[in-house]
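Scroll down for the structure; my scribbles are underneath it.
Nothing in this text is a laboratory measurement; each read-out follows from the coordinates by a stated rule. Just so it is clear, the model here is predicted, and its values are computed rather than measured. Glycine also receives a Cβ, built like all others from the backbone with ideal geometry; neighbour counts cover every protein chain displayed.
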Amino acid sequence: MMRILKEGIVNWAQMRMITTHCESDITYYPFDTQKCSIVISSWSYSNNEVTILFDNNPVIMDFFSENGEWVYAGYGTSVYTEYRGDLIPFDMAKLEFKFVRRPGFMVMNIILPVIGVAILTSFVFKVAVDSGEKIGYCLTVMLAYAVYLTLVADNMPTTSVHISVLSKLI
C-alpha cells in the first residue's frame, strides 16, 4: 500500500515476513550476548531515486513471547550509504536485534557441579596414606568428572567458529 502526500512524498509500507538466521558467538557462554542484523536495501534504485528511512518505532512487539533461554534486550537502527558498481550510491537500512542468554540454568547445572568436583579432588590429601583409599578415591572422582564432562558436552552449543571459554576451562 502506498500513500501519496500533497507535497509529492510517497510512503510505501512494505509488509513482509522475513526469515533470517544469525551466526552465534559463544565465546562467553553461558554469559553471552547475541546480535542479529537485518540489512534492507534497494537493488534497483539509487538513493537519488529512493530514500530508505525507519519509522519512529519500526519493531512491533505485539506478537513477541518470552523465551526460557533468551531475554530480548532491544534493537538499534542505522541508515548508511553504500557504493556499488560505477560508484552509484544506494541507501542501506540496518536493523539490529540484541538478545542476552539467561545463565541461571547453566550456572546451577554446569558451573557449580564442576566447582564441587574440583573441591572434592583436593580432599584426596585428607585421606590417610596407610588406609589404601587414596588411589580409589582419585579414580572415583576422575570417573565422576569424566561422566560429568560427557553430560556438559551434550549441553554446550555446537559450533567450531567460536569456542567457549567455559569449554576451554573444563
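Computed over the chain, the per-residue total of -39500 (n - 2.57) for DSSP H runs of n ≥ 4 gives a 222 nm mean residue ellipticity of -7000 deg cm²/dmol, rounded to 500. If you take all other residues with their beta carbon under 13 Å from the beta carbon of residue 126, and give Lys and Arg +1 and Asp and Glu -1, the sum is 0.
The calculated FRET efficiency for residue 98 paired with residue 154, based on their beta-carbon distance and R0 = 41 Å, is about 0.90. Within region 32-59, what residues put their amide N at less than 14 Å from the label point 7 Å along the Cα-to-Cβ vector of residue 13? So the set is 55-59. Quick one: net charge around residue 13, please, counting Lys, Arg +1 and Asp, Glu -1 for every other residue with C-beta under 13 Å from its C-beta. It works out to a net charge of +1.
Compared with the direct C-alpha span, the chain from residue 146 to residue 87 gains 15.4 nm at full extension, assuming 0.36 nm per residue. For the chain, a Gaussian network of Cα nodes joined below 10 Å ranks 150, 19, 33 by mean-square fluctuation, and the top entry is 19.
Taking Cα Rg over 2.2 N^0.38 Å straight from the coordinates, which label in (1) 1.71; (2) 0.96; (3) 1.02 is the correct one? Among (1) 1.71; (2) 0.96; (3) 1.02, the one calculated here is (1).
With springs only between Cα atoms under 10 Å, which of 134, 94, 35 fluctuates most in a Gaussian network model of the chain? Of 134, 94, 35, the most mobile in the Gaussian network model is 134. Note on region 2-101: Kirkwood hydrodynamic radius from all Cα pairs is 16.2 Å, rounded to one decimal. Relative contact order of region 1-138: 24 percent, from C-alpha pairs under 8 Å at least 6 residues apart in sequence. Note on region 2-101: dipole from Cβ charges, positive end direction compared against 31, 2, 68; the farthest Cα belongs to 2.
FRET efficiency for the pair residue 109 and residue 163, taken as 1/(1 + (r/R0)^6) with r the Cβ-Cβ distance and R0 = 22 Å, rounds to 0.65.
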